[in-house]
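Q: Okay, handing you the structure first.
The values are calculated or read from the model by the stated rules, or taken from the named source; none is laboratory data. Keep in mind that this is a model prediction, so the values were computed, not measured. Note that each Cβ is placed from the backbone with ideal geometry, even for glycine, and that neighbours are counted across all protein chains shown. Only protein heavy atoms, including side chains, enter the accessible area calculation; ligands, DNA and RNA are left aside. Shrake-Rupley method; radii C 1.70, N 1.55, O 1.52, S 1.80 Å.
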Amino acid sequence: MYLVYKNRNMESKEGSTSLSLFYKEKFDSFLRNLSVAEQIKEEDIHKLRVDIKYIRSLLLLIEELNFDSDIAAKLLKQLKSIFNSAGKLRVIQVSKSLMLKGGVEIPAEIMLILNRELNSKADNFKTSLTEFDLLKFKQRITSLYSVLNKVNISELKIKVDSIIHDELEIVNRLFNSSKGEEYHHQIRKLLKVVKALEQLLLVLHDDEKRRQALDIVNATETSLGNWHNYKVLDNFLMKLDQELSQTGVTRVLRNLKNQNNKFKQEFKIESDKYLRNHF
């Protein structure tokens, strides 16, 4: 009996260590990208947003475990301002990038609005960076690790599997509703949660079937991400249409909207195929 107990105890310690290392990896990535984000490069802002989305999923998991600690809630609150301001900046960066890649010559009037919006959103983002209390954030991360050391790994696995099951049930219901693409962005957010939790479970226990499931989730979420980028541009083009009335400019906007709708529809069809076949 003693040997059985000892092995279980060792397994629990190894699991707790793997769990802490997994969280540390995500936080370290966020801190690296945060340190270069002030340069406002599109790829850096994208990586920062991806990191925060992972971290939010993992912190919400801690809250689900009902520990007598509000550390996860405090970290989530601290991330909110940077996440929101980076998101608004990302909208303009994506819109500009897709327009420039479209092969259509962009009139000066459109570029003027784009650059004005880009500068404004960049300034707001830089403000959120200066207001971010990095020392407090690092202190809270350290406190979080002491919470993670108390996690019962067996119970955690059951809880995570339950959350994944529930999230995928919602994905299925949303996709099979009669709302068309209205819920596609919500589906994408749910799949991001599933992806983060599947990766966590794979760190705790490698499993080929789970890896295959993760590959499917990744492919679907990536396709939905491409669709969403063109949806973002679609919304921005509608805004430009309301602001600009010059004949030559409106003609270019019409061409951009037609081209954008074509690409958006292609990624919607691809995403729907994944969702129909696997979810």
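Q: Cβ-Cβ below 9 Å, separation at least six or inter-chain, first residue in the range 76-104 and open to solvent by less than 20 Å² (accessible area, probe 1.4 Å), second among the aliphatic types (A, V, I, L, M) and not in a helix (DSSP H, G or I): which pairs?
A: Filtered contacts from the range 76-104: 89/40; 93/40; 99/106.
Q: Something else: Can you tell me which residue is most open to solvent (accessible area, probe 1.4 Å) among those in the range 148-162 that are part of a helix (DSSP H, G or I) and in contact with a Ser or Thr (Cβ under 6 Å, 6 or more places away or on another chain)?
A: In the first step, residues of the range 148-162 are kept if they are part of a helix (DSSP H, G or I); the result is 148, 153-162.
Imposing the further condition that a residue be in contact with a Ser or Thr (Cβ under 6 Å, 6 or more places away or on another chain) reduces the set to 148, 153.
Numbers: 148: 0, 153: 16 Å².
Filtering first and then ranking leaves 153.
Q: Is there any pair linking a residue in the range 108-125 that is open to solvent by 80 Å² or more (accessible area, probe 1.4 Å) to one that is of a type in the set (Ser, Thr, Tyr) and in a helix (DSSP H, G or I), with Cβ under 6 Å and at least six apart or on different chains, and which?
A: From the range 108-125, the pairs are 124/85.
Q: Mind listing just one residue for me: the one in the range 126-145 that is polar (S, T, N, Q) and open to solvent by less than 60 Å² (accessible area, probe 1.4 Å) and, of those, nearest to residue 37 (Cα to Cα)?
A: Taking the range 126-145 and keeping what is polar (S, T, N, Q), we get 127-128, 130, 139, 142-143.
Now narrow it down to the ones that are open to solvent by less than 60 Å² (accessible area, probe 1.4 Å): 128, 143.
Numbers: 128: 11, 143: 25 Å.
Here the answer is 128.
Q: On to the next question. State which residue is nearest to the chain's Cα centre (by Cα) when the search covers only the range 232-253 and only residues that are open to solvent by 80 Å² or more (accessible area, probe 1.4 Å) and more than 17 Å from residue 114 (Cα to Cα).
A: If we take residues in the range 232-253 being open to solvent by 80 Å² or more (accessible area, probe 1.4 Å) and more than 17 Å from residue 114 (Cα to Cα), then 251 is nearest to the chain's Cα centre (by Cα).
Q: Let me ask something else. Any residue in the range 182-205 that is under 27 Å from residue 97 (Cα atoms), open to solvent by 40 Å² or more (accessible area, probe 1.4 Å), touching a helix residue (DSSP H, G or I) at 6+ places or on another chain (Cβ under 8 Å) and part of a loop (DSSP other than H, G, I, E, B)?
A: yes
Q: Is one or more of the residues making up the range 44-65 modelled with pLDDT of 95 or more, over 30 Å from residue 259 (Cβ atoms), open to solvent by less than 60 Å² (accessible area, probe 1.4 Å) and among the hydrophobic types (A, V, I, L, M, F, W, C)?
A: Scanning the range 44-65, I find at least one residue that is modelled with pLDDT of 95 or more, over 30 Å from residue 259 (Cβ atoms), open to solvent by less than 60 Å² (accessible area, probe 1.4 Å) and among the hydrophobic types (A, V, I, L, M, F, W, C), so the answer is yes.
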